[in-house]
Amino acid sequence: MYIYIYLRYFITIDDIWSISAWKDIKYALPENTPGSRIVATTRISDVAKSCSVRPTDFTYPMKHLSETDSKQLFLGRLQSPKKIYSDLEEVVFHDVWNICGGMPLAMIVIAGMLNRKSPGCPEDDKSIKKALEKHPTLQGMRRILRICYSDLSLPERTCLLYLSIFRLEDETVEKNRLIWRWIAERFIPVPKQEQVTLWETAESYFNELVNRQLIQPVEAGDIVKVKVHDVVLEFIASVADEENFVTSDMVLRCKPRDIVRRASLNCIDDDESTGGLSQVRSLTVFGVLAKPMKSSIVYLQLLRVLDFKDAKGLKDEDVQGLERLFFLKYLGLGGKFVTKLPEKWKELQNLEALDVRETAVKELPEAIARRCSKLACLLARRLAVGEGMHSLLHLQELSMVSVTDAASLDRMTNLVVGLTKLRKLGVSLFFDATGDQHQHAVAAAAPDDAKLAASLERIEKCGVESLLLDVVGEGKTRAALDQLVEKWALPRRLQKFTMRSEHYYFPKAPPKMAPHESLSHLEISIAELRKSDVGVLCTMPSLFYLKLSTRSSPLEADQTVVITNVGFQCLQVFWFKCQDGGLGFDFGDGAMAQLLKLDLHFKQAKKPKLTGISNLSSLRQFHATVCCGKDNSEFKATEENIKQIVSNHSKNPTWEVTMEMEIDKPTAAISI
């Protein structure tokens, strides 16, 4: 702290909730005179006053949107034709305006509710107007949220309240983690149609909450993670407390309850145990797990969900005895010191989802594989295909399977082909292991081209809908994949393909991708983007999201990649980054007609070429990440240039330019 006494600093502190919190923060900030600045935000006026006690301090009360801007936001979020909704729009908008004024969140969630109604249907119109008359004693945003909450079906309300388990600020939640927990809690009713699965029903509830703007995707495209606006989270947490749906550690300490069904515990005290949790069905722990808690978990005999994925300090000995939890359906573990799963876990015969990605577990014991036959989701960082895994006939998700040689490739292929319900598959390729790196790799041979091609051809015929390919190796792995580019065809029902690698790039876009009819989400790395690669990508009929990485920019200094109005008919999100920082795109008239979001990464030193942005007729968001060296003097000029480009666009899209500092690679240290 000594160094800051004599330096000027600028600090932003977001969303302070109490005066006491501000006092604690203030004591850590040095008081000096060089002209330092502190910006604090809060929703509580008393906290704002406590932050502004000096004559030089200034409080800026944020204004709500004007009526015109509020209506523009409201109408912009509606999906139905204005001719159908015009009368109802006026009624609903003015009711919401009278309740909340120009609060953006209120406009967004009400528009989300309207989007789920049938346009022009008298019954829906009547139900909406009636809903707005409810809860007259509630004020402002809480009333709007109560109206939207009441409009949900009972299973959807339950699924929304469940998010109150994740109460940490800015917490993101994985879609898969959430849905498998809903299923384990038995929130999802059995579908009436036999061909519809529990997962598909649960996913429809998830999508409903997203469409209603009650939960927000972290990124565009195929939704992997979501977050909850803190105002919405505050509301659902209060409802969950009122209904004794979820109990937090604070409530356990201050207001002990006779029956606790679901507990969410954070920062557990060293002397805390499971007292008061004898009836608990779901237990989620964040932070360091106390010793008394570790030893008493095994006595919570009614547990269906046990989630230690975000817990710290777990070791192998801490997971012993969990086989007593016979009703357990979901189990998530975290901790790099958890290296193996006890064979006694074979008694967990009701287990449906096992997530050990945050551990060092690399094998599934044969006894568990043979006895836990209901397992539908198995997630690990890198998992070897072992004996007994062919018994897991109900597997729907399997990731990441480790493939290191010809033998493991055969085992993986035979397993995947035999799993008829498998939807999601993750494969880690690493053919460069030595005896020191992998205990099974001594004298093991990497698969030849024919064997790898035959394996992929067999997988092509299976029903996998999502494939993650994690390319870890370099030499042999790279050589094997390079030879496959011409032959490689994706599984026929595949909707999402993600390629992840720090070192490997396909020499070109696999040509057999072009006619794939169902692929909508593609993340791929190509050595250099050529006209032929664009030809492959643009002809994919269902491509919605494209994340494209390249190693080098075009060889000729003035060369640009030309995007015409041919192809990319469904593309709505385009993300591009070149490893060397180059950028050269020329968007022609009518190019990417459906594109909503453009995200580009480049180095300003490479003098990027970007023309024709105004031809992207549907563009709503433009984000640029500019990598700068030690001299960032050109950043402002780059920012102004992008601002000028976007300002000429007819749709006036939102834009953002982020500066990313280039970090020098560390030099090797010499020991003497």
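A full extension of the chain between Lys531 and Glu366 corresponds to an added length of 54.4 nm, given 0.36 nm per residue minus the alpha carbon distance. When Tyr330, Tyr60 are compared by accessible surface with a 1.4 Å probe, the order from highest to lowest is Tyr60, Tyr330. Packing around the peptides 187-196, 155-164, 218-227, 408-417, taken as the average count of other Cβ atoms within 10 Å per residue, puts them in this order, highest first: 155-164, 408-417, 218-227, 187-196.
Mind checking which aspartates and glutamates have their C-alpha under 17 Å from Lys117, skipping anything on the same chain fewer than 8 residues away? Candidates past the 8-residue exclusion: Asp87, Glu89, Glu90, Asp125, Asp151, Glu156, Glu208.
Label-to-label distance for Glu243 and Thr658 is 3.6 nm, based on points extended 7 Å past Cα in the beta-carbon direction. Site pair Ala605 and Ala21 shows an inter-label distance of 4.2 nm when each label is modelled 7 Å from Cα along Cα→Cβ. Per-residue accessible area (protein heavy atoms, 1.4 Å probe) orders Trp97, Trp575 as Trp97, Trp575, starting from the largest.
Its relative contact order, with pairs defined as Cα atoms under 8 Å and 6+ residues apart, puts the stretch 305-457 at 15 percent. The slack between Asp230 and Glu90, meaning 0.36 nm per residue of separation minus the straight C-alpha distance, is 47.6 nm.
Since only Trp199, Val232, Cys148 are under comparison, the one whose Cα sits farthest along the positive direction of the charge dipole of the stretch 141-243, derived from C-beta charges on Lys, Arg, Asp and Glu, is Cys148. Amide H contacts of Ala40 (H built 1.01 Å from N, in plane; Pro and chain starts excluded): Ile13 sit under 5 Å, all sequence-distant by 5 or more or on other chains. With the highest mean first, a sort of the peptides 477-488, 537-548 on other beta-carbon atoms found within 10 angstrom per residue produces 537-548, 477-488. Here the 3J(HN,Hα) profile of the stretch 96-111, calculated from phi with Karplus coefficients 6.51, -1.76 and 1.60 at θ = phi - 60°, is 5, 4, 5, 7, 10, x, x, 7, x, 4, 4, 5, 5, 6, 5, 4 Hz, Gly and Pro shown as x. When Met113, Met103, Met62 are compared by accessible area of protein heavy atoms, the largest-first order is Met62, Met103, Met113, using a 1.4 Å probe.
Compared with the direct C-alpha span, the chain from Ser650 to Ser542 gains 36.2 nm at full extension, assuming 0.36 nm per residue.
Going 7 Å from the Cα of Ser391 along its beta-carbon direction, which residues of the stretch 316-342 have the amide nitrogen within less than 20 Å of the resulting point? Output list for this probe position: 321-331, 340-342. The 3J(HN,Hα) values that the Karplus relation (6.51, -1.76, 1.60; θ = phi - 60°) gives for the stretch 147-160 are, in residue order, 4, 5, 5, 5, 7, 6, 6, 4, x, 5, 4, 4, 5, 5 Hz. Gly and Pro appear as x. Only helices enter the 222 nm calculation for the chain: every DSSP H run of n ≥ 4 contributes -39,500 (n - 2.57), and dividing by all residues gives -8500 deg cm²/dmol, rounded to 500.
Across the stretch 490-506, rounded Karplus estimates of 3J(HN,Hα) from the backbone phi angles (6.51 cos²θ - 1.76 cosθ + 1.60, θ = phi - 60°) give 6, x, 4, 9, 5, 10, 9, 10, 10, 10, 10, 6, 8, 10, 9, 10, 4 Hz, Gly and Pro being marked x.
The values are calculated or read from the model by the stated rules, or taken from the named source; none is laboratory data. Source: prediction; values computed, not measured. Glycine also receives a Cβ, built like all others from the backbone with ideal geometry; neighbour counts cover every protein chain displayed. Note: areas computed on protein heavy atoms with side chains; ligands, DNA, RNA excluded. Shrake-Rupley method; radii C 1.70, N 1.55, O 1.52, S 1.80 Å.
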